[in-house]
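Take a look at the structure below.
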Amino acid sequence: MDRLIRKFRLLLLAWLHRSRSGPKSFVRRFSYKDIKMATDSFQRIFYRNSHAAAYQARFGDGELVLVKEVQAFNQEKDVFYREVRLLGRLHHRHLLALQGFTTGSKRLLVFDNIENGSLKEHLNDPLKTPLNWKTRLQIAVGVAAALEYLLLFSNPPIYHVSVTSSSIMLDENFTAKLSDVGHLSSVQSYVTTPHNSCSEDCKSQECSNIIFQLGVLILELVTGQSSDEGDSDIVEWIQESCFRRSIDKMIDPDLGDNYDSRELKKLLIVARLCIKTKDKPTFSVPQILRYIQKKVDFPCQ
């Protein structure tokens, strides 16, 4: 009976997500010349990793967008157009929406505005407005909600996600938006896993890697320190058995005393569990999201 109730709940949630998303968005074809000019010949780099690069583009009317280049797209034309179609179907308030694409010497995706830049800038740049505690909580909950949508409600599910402070954009209201999302796997081939593969019991290696990244992100939100793909002091610190003794020394100085210590400690427990799941998956993204919402009294996203 419990299994039947859980299955019904998942079907109901999927229907609700689809009903909220509305019809497929119109995807515009941009002029390659305009994009090149708006990015200063691709000099305005937001972030770059092993599979993609993202640029800031400013058009003549002042509109800001994010332009993304994925290496695999420059070799496979069919892959690029399929990605455009699939990304155009994604609708979630914590995902950067696809506006359109362009083709030329590079094949590029164009996403919504990025009014306040990246999360990393606000955590590391002293000239940027420091993020208060409530905003940091909202970012953690929002990112977890977006991951639940990608793994549970997208068809096909999306495992190719980069959850880093440099790839999380903030809009004019400081709402977090995942920007590095795609249907390509790490070996640059499409994931063909059936839609029901990532249920609430999902404990696959792909899911565990995403959960690990979420844990590192939470640590960055609490400490204000950057992490280089999880290989950093903050990851080592949270795994120590006596980490609680040094929490006060690790908290981001920009927060001052303006945070709820109860919420902060519970968020660190979530981060610790996420970090540990890299070696042995024990729970799913939906379970993490519900736990955070329950512990820090945040509503569903």
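Here are the numbers:
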quantity	calculated
Residue match in the range 233-243 (condition: over 21 Å from residue 159 (Cα atoms), under 16 Å from the mean Cα position of the chain (by Cα) and surrounded by 14 or more Cβ atoms within 10 Å (Cβ to Cβ))	no
Out of 189, 199, sole residue that is surrounded by fewer than 22 Cβ atoms within 10 Å (Cβ to Cβ), modelled with pLDDT under 90 and farther than 15 Å from residue 289 by Cα	189
Test: residue in the range 123-135 that is under 16 Å from residue 94 (Cβ atoms) and part of a strand (DSSP E or B)	no
Residue satisfying all of: in the range 20-38; more than 18 Å from residue 80 (Cβ to Cβ) and open to solvent by less than 70 Å² (accessible area, probe 1.4 Å); modelled with the lowest pLDDT among these	22
Members of the range 47-62 found to be within 20 Å of residue 95 (Cβ to Cβ), modelled with pLDDT under 85 and open to solvent by 10 Å² or more (accessible area, probe 1.4 Å), listed by number	47, 49, 51
Strands (runs of 3 or more DSSP E) completely within the range 24-88 that count 3 or more residues being out of contact with any Phe, Trp or Tyr (no Cβ under 8 Å at 6 or more places or on another chain)	52-58
Yes/no for residue 84 being at pLDDT 90 or above, touching a strand residue (DSSP E or B) at 6+ places or on another chain (Cβ under 6 Å) and open to solvent by less than 50 Å² (accessible area, probe 1.4 Å)	yes
Residue pairs meeting the criteria (Cβ under 8 Å; at least 6 apart or on separate chains; first under 19 Å from residue 117 (Cβ atoms) and hydrophobic (A, V, I, L, M, F, W, C), in the range 30-52; second open to solvent by 80 Å² or more (accessible area, probe 1.4 Å) and assigned to a strand (DSSP E or B))	38/58
Residue list for the range 63-85, restricted to those being within 17 Å of the chain's Cα centre (by Cα) and closer than 12 Å to residue 183 by Cβ	70
Condition check for residue 129: open to solvent by 20 Å² or more (accessible area, probe 1.4 Å) and out of contact with any Cys (no Cβ under 8 Å at 6 or more places or on another chain)	yes
Per-region count, the range 88-103, residues under 20 Å from the mean Cα position of the chain (by Cα) and open to solvent by less than 10 Å² (accessible area, probe 1.4 Å)	3
Filter result for the condition that a residue is open to solvent by less than 10 Å² (accessible area, probe 1.4 Å), modelled with pLDDT of 90 or more and either within 15 Å of residue 94 (Cα to Cα) or not in a helix (DSSP H, G or I) (or both), over 221, 214	214
First in the range 271-287 and more than 19 Å from residue 227 (Cα to Cα) and among the polar types (S, T, N, Q), second anywhere and at pLDDT below 90 and outside any loop (DSSP other than H, G, I, E, B), Cβ under 7 Å, 6 or more apart	284/207
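The values are calculated or read from the model by the stated rules, or taken from the named source; none is laboratory data. Note that this is a predicted model, so its numbers are computed, not measured. For neighbour counting, all protein chains shown are included, and Cβ atoms are generated from backbone atoms with ideal geometry for every residue, glycine included. Keep in mind that these areas ignore ligands, DNA and RNA; they rest on the heavy atoms of the full protein, side chains included. Shrake-Rupley method; radii C 1.70, N 1.55, O 1.52, S 1.80 Å.
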